[in-house]
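Chemist: Below you'll find the structure I mean.
The values are calculated or read from the model by the stated rules, or taken from the named source; none is laboratory data. Values in this document were obtained by computation on a predicted structure and should not be read as measured data. Cβ: placed from backbone, ideal geometry, glycine included. Neighbour counts: every protein chain shown. Heavy atoms of the whole protein, side chains included, go into the accessibility calculation; ligands, DNA and RNA do not. Shrake-Rupley method; radii C 1.70, N 1.55, O 1.52, S 1.80 Å.
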Amino acid sequence: MFKKWSFPAFFSLFLAISLLFSALSFTFLKDSKDLQTNAVAREERVIVIDAGHGGIDGGATGANGVTEKDLNLAVASKLAALFRMAGYTVVETRTTDVSLADADAKKGHVKQSDLTNRLKISNQYPQSILISIHMNTYPGVACSGLQVWYSQNNDLSAELANAVQGGVKSVLQPQNNRKTKVAITSIYLLRHAENPAILIECGFISNLEECERLATPSYQKELALAIFTSLHKKI
Ligand SMILES: [Zn+2]
């Protein structure tokens, strides 16, 4: 036998169902709006990936003899591939072992010419985000762990730097308590970037253990994936 619904009980049920439907439709609308927003942003977004050093400028030398420029390129090209797969427009400052300095740059001005040309590439795209990839060194001390620097020229830079620092800590380096740093007087590229810009020191190649890990393609892939995922959520 059916128990008759009293009006207050029926009304409460009706109200609950109505609320549920409005919550669901709000969620779906919000999702479709987010998708649209991301799709538009992703089409316009240019990710400039800068593998630090190159050519005559090898950067630092690792504890096992590896050259920083080669590790930078290995990580940077894996990161570029991930952004491309996700539908972003990607520009790489270099894809081979070359310097970006002008051929006629005078002795003593080669490094500055190289940096100026990297900056020009990044600044020519108004909707770009610059991600520069480097390796760290610290003589005599067994320092380890990734650390991200950011430009103070754009608020998004700090947000992106924190995302990468936190993302890599959570999936790859739970012991890494390093904090992101703002480039105020150092790092030419970040000081002069017109768009959001970060520089990732992927780890210390002065530390033999970390250097060997950074030279391993499987670790480079893990690192690139952790960096990509952290940034993708924010842009
Ligand atoms: Zn470097």
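Chemist: For a test of the definition: using alpha carbon positions, the gyration tensor, and the 1.5 limit on a/c, classify region 45-232 as rounded, prolate or oblate. Spell out each step's value before the answer.
Modeler: Numbers: a/c = 1.42, a/b = 1.10, b/c = 1.29.
Note, shape of region 45-232 comes out rounded.
Chemist: Report the number of Lys pairs in region 45-232 whose alpha-carbons are under 30 Å apart, with separation of 8 or more residues or on distinct chains.
Modeler: 29
Chemist: While we're on this one: Given a Förster radius of 45 Å and the C-beta distance between K120 and Q175 as r, what FRET efficiency does 1/(1 + (r/R0)^6) yield to the nearest 0.05? Please report the intermediate quantities before stating the final value.
Modeler: Numbers: r = 39 Å, r/R0 = 0.86.
FRET efficiency, K120 to Q175: 0.70.
Chemist: Hey, another quick one. Around S230, with a cut-off of 14 angstrom between Cβ atoms, what is the net charge of the other residues, counting Lys and Arg +1 and Asp and Glu -1?
Modeler: Working: positive: K169, K233, K234; negative: E159, E222.
Spelling it out: positives minus negatives among the neighbours equals +1.
Chemist: Considering only protein heavy atoms, what per residue accessible area in square angstrom results for region 99-207 with a 1.4 angstrom probe?
Modeler: 49
Chemist: Taking a virtual spin label 7 Å from the Cα of K234 along the C-beta vector, which residues in region 135-154 bring their backbone nitrogen under 16 Å of it?
Modeler: 146-154
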